[in-house]
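Report on the following structure.
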Amino acid sequence: MSKKDKSERPRDRAGMTRLVRELLRPYRGRLTVIFLAMIVETGMSLAGPWPLKVVLDSVVGHHPMPHWVTRMVGADVTDHKMGLAALAAAMIIVIALLENAASYVDNYYTESVGQYVANDLRMRVYHHLDRLSLGYYDKQQTGNLLSTITTDITTIQNFASSATLGILVDVLTIIGMLGLMFWLNFDFALIAVAVTPFLLLFVMQFKKAVKKATHEVRRRQSDIVAVVQEGLESMRVVKAYGREQLEEEHLKEASQAAVDAALAARKIKSLLSPVVSVVVAFCVAFVLYRGSWLILHEAMTIGALTVFLSYLNKFFKPVQDLAKMTNSIAQAAVGIERVQMILAADEMIPEKPDAREPEGIKGEITFEKVAFAYRPDSPVLKEIDFRIEPGQLVGFVGATGGGKSTVASLIPRFYDATSGRVLIDGTDVRDFKIKALRNQIGCVLQDTVLFVGTIAENIGYGRPGATREEIVAAAKLANADEFISKMPKGYDSAVGERGATLSGGQRQRIGIARAIIRNSPILILDEPTAALDTESEKIVMEALENLMKGRTAIAIAHRLSTIKDADKIVVFKDGFVHEQGTHDELLRNNGLYAELYRIQFPSESGVPPAPPAPPVAAPAAKA
């Protein structure tokens, strides 16, 4: 293990401990009730064997009751055997009532604390995920995040609501029994005391191996979630290419790896209980043999031996239970570590303390020597310079990978430029509050994402609190009202998962309606018609024209016909602004844009011919 790993481990443990304290702090009152109930439950558990001792020693046998008992219940009871039997029977009932009442209280309150803690932790993790930048998600598997926010938090909840209670009861029971065992027989109690440290040391060493194995199991289980999620989300593609067998093989590999990891972990876990049980059996056998000898020599009563054997079994049972809980503890520890890894992620877009609200945005956008890289060693944008006037429609074109979408992502600060500045109305976007900045920008993407719910709810997603009249008006401007009105429930029609029940053009028009109702001064259109047929494209383009009126609009396009009438076209190549100007200007320049236009419209007149290729140098003559 490296020095770095060793130095980070105490820090990780401190972070985990702090997280657990923060989660439990709001429920201190409930924890106090749980603790008091457990004390009552433990006390009644310790009192359990004593009625049997009374019967064996004083009802069946002839040993007198202690004087303090006679003073408490009266000589009329202690001097008569059936009176003592009745007292023992009453003690059993009282002990059972108190123990089970306390058990009910601590079980209910412990479960409530577990549920509330899991809810708080789930919301805390999701809130943190919401605040992370897109750069974090570019490097993470969604399946792993889903596994952590569901399975790992459920594991922590189960531990908090069941295993924690068991551990505390066991610890209290061990402490109470040790005191009574020393009082009953000092020599026998020493046996338990002598064996316990070795058992606990064994358990502690064992815990490390269990935790490592549990880590591997959870990792493999996360892989299963990731494979299944990817397969289900891509089911149309899988069926289109007939690759069902391949996807099943992927799941088979991930599932078999999880089975192997689980069996390897179980092989380790299964060793613990037998070892502890054998040690306990040796201790009980010795006490039974030695106690029988003491009874025969009248140095010990049968009741005392019965109580001591009961305590000895109960004493080692908590030790045994604690050993068995190593698995639960390891699983909870792994779950907390995985949650902590998410909460420790700091890939957030920073907001300045004095950041301000953008007010009266006109829509002027300026890029000044902007550079950006997803990874430090691979720059994507280099020295980007251009300016967009308020109300202009500007097209971004270029080959795939040229940086068009990345440039657009810097405006709402999905990412931050590594150098240079992005300005809106002359103000650096980093000087605005992030949420307020994004409220000024509407987006229509190539693949509009629709959420489970009604069509009205999906349109209203663009502006919380929008009225039905505003939703319908936005749909009409987006040319969506026509098909929505024909649906059985109109605007209250349910949308399938990710809008699977609608056509591509219908989804795009709902996305445009969502952007219209947002009423933002700046629009980013990321190839909104790329996946549509000609008829759908015409309807969507009409809706986009309604949307862009009076707004600054950036249209990322591969179909150059959609941005021919743009006020300006910016052409990107290899992370640079290769050229910019109007459609006619760029055709006259006969550069990259003209080349792309000739490829898409080879027969159109008025397009300058391609420049002649440079002459190939003749090979040098041999001497």
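The values are calculated or read from the model by the stated rules, or taken from the named source; none is laboratory data. Because the structure is predicted, anything quoted here is derived from the model rather than measured. Every residue, glycine as well, gets a Cβ built from its backbone with ideal geometry; the counts of neighbours run over all protein chains shown. Surface accessibility is based on the protein's heavy atoms, side chains included, excluding ligands, DNA and RNA. Shrake-Rupley method; radii C 1.70, N 1.55, O 1.52, S 1.80 Å.
Of the conditions (1) modelled with pLDDT of 75 or more; (2) under 30 Å from the mean Cα position of the chain (by Cα), V278 clears all except one; give me its number. Checking V278 against (1) modelled with pLDDT of 75 or more; (2) under 30 Å from the mean Cα position of the chain (by Cα), the one that fails is (2).
Residues in the stretch 375-411 that are part of a loop (DSSP other than H, G, I, E, B) and touching a Lys or Arg at 6+ places or on another chain (Cβ under 8 Å): P390, G391, Q392, A399, G402. Would you confirm whether or not the stretch 101-109 contains a residue that is surrounded by fewer than 16 Cβ atoms within 10 Å (Cβ to Cβ) and either closer than 30 Å to D416 by Cα or aliphatic (A, V, I, L, M) (or both)? For the stretch 101-109, residues surrounded by fewer than 16 Cβ atoms within 10 Å (Cβ to Cβ) and either closer than 30 Å to D416 by Cα or aliphatic (A, V, I, L, M) (or both): present. Selection of first residues in the stretch 284-310 that are over 14 Å from L180 (Cβ atoms) and of second residues that are open to solvent by less than 70 Å² (accessible area, probe 1.4 Å) and aromatic (F, W, Y), restricted to Cβ pairs under 7 Å at least 6 apart or on distinct chains, gives the following pairs, ordered by first then second residue: V287/F188; V287/F308; G291/F308. Taking the condition over 22 Å from R514 (Cβ atoms), open to solvent by less than 60 Å² (accessible area, probe 1.4 Å), in contact with a His (Cβ under 9 Å, 6 or more places away or on another chain) and hydrophobic (A, V, I, L, M, F, W, C), does V429 pass? So V429 does not fit the description; no. Out of the residues in the stretch 341-358 that are open to solvent by 40 Å² or more (accessible area, probe 1.4 Å) and in contact with a helix residue (DSSP H, G or I) (Cβ under 6 Å, 6 or more places away or on another chain), which is nearest to R218 (Cα to Cα)? Filtering first and then ranking leaves E347.
Residue by residue, here is whether (1) small (G, A, S); (2) crowded, with 17+ Cβ neighbours inside 10 Å holds:
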site: L271; (1), (2): no, no
site: V280; (1), (2): no, yes
site: A285; (1), (2): yes, no
site: L288; (1), (2): no, no
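Please identify the pairs in which a residue from the stretch 426-454 that is among the hydroxyl-bearing types (S, T, Y) has its Cβ atom under 8 Å from the Cβ atom of a residue that is surrounded by fewer than 16 Cβ atoms within 10 Å (Cβ to Cβ), counting only partners at least 6 apart or on another chain. Pairs found: T454/K489; T454/D492; T454/S493; T454/A494. The residues in the stretch 552-583 that are small (G, A, S), in contact (Cβ under 8 Å) with a residue 24 or more places away in the chain and not in a loop (DSSP other than H, G, I, E, B) can be counted, and the count is 3.
Per this entry, T42 is counted among residues that are open to solvent by less than 30 Å² (accessible area, probe 1.4 Å), at pLDDT below 80 and under 28 Å from Y104 (Cα atoms). Candidates are the residues of the stretch 432-456 that are hydrophobic (A, V, I, L, M, F, W, C) and open to solvent by 70 Å² or more (accessible area, probe 1.4 Å); the one that is nearest to G505 (Cα to Cα) is L445.
Could we say that S133 is among the polar types (S, T, N, Q), under 28 Å from N158 (Cβ atoms) and surrounded by 14 or more Cβ atoms within 10 Å (Cβ to Cβ) here? So S133 does not fit the description; no.
Taken over the stretch 345-398, residues that are in contact with an Asp or Glu (Cβ under 7 Å, 6 or more places away or on another chain) and within 25 Å of D138 (Cβ to Cβ) amount to 7. For the stretch 107-160, which residues satisfy the criterion of being closer than 30 Å to E41 by Cα and among the aromatic types (F, W, Y)? Scanning the stretch 107-160 gives Y108, Y109, Y116, F159. Could you say whether any residue in the stretch 24-31 is part of a helix (DSSP H, G or I), at pLDDT 85 or above and open to solvent by less than 20 Å² (accessible area, probe 1.4 Å)? There is no residue in the stretch 24-31 that is part of a helix (DSSP H, G or I), at pLDDT 85 or above and open to solvent by less than 20 Å² (accessible area, probe 1.4 Å).
Residue count for the stretch 584-607 satisfying the condition of being more than 20 Å from T400 (Cα to Cα) and either in contact with a Ser or Thr (Cβ under 8 Å, 6 or more places away or on another chain) or not in a loop (DSSP other than H, G, I, E, B) (or both): 5.
Mind listing whichever residues of the stretch 580-602 are in contact with a strand residue (DSSP E or B) (Cβ under 9 Å, 6 or more places away or on another chain), among the polar types (S, T, N, Q) and more than 16 Å from F396 (Cα to Cα)?
N589
Is there a residue in the stretch 82-96 that is modelled with pLDDT of 80 or more and under 30 Å from I153 (Cα atoms)? No, the stretch 82-96 contains no residue that is modelled with pLDDT of 80 or more and under 30 Å from I153 (Cα atoms).
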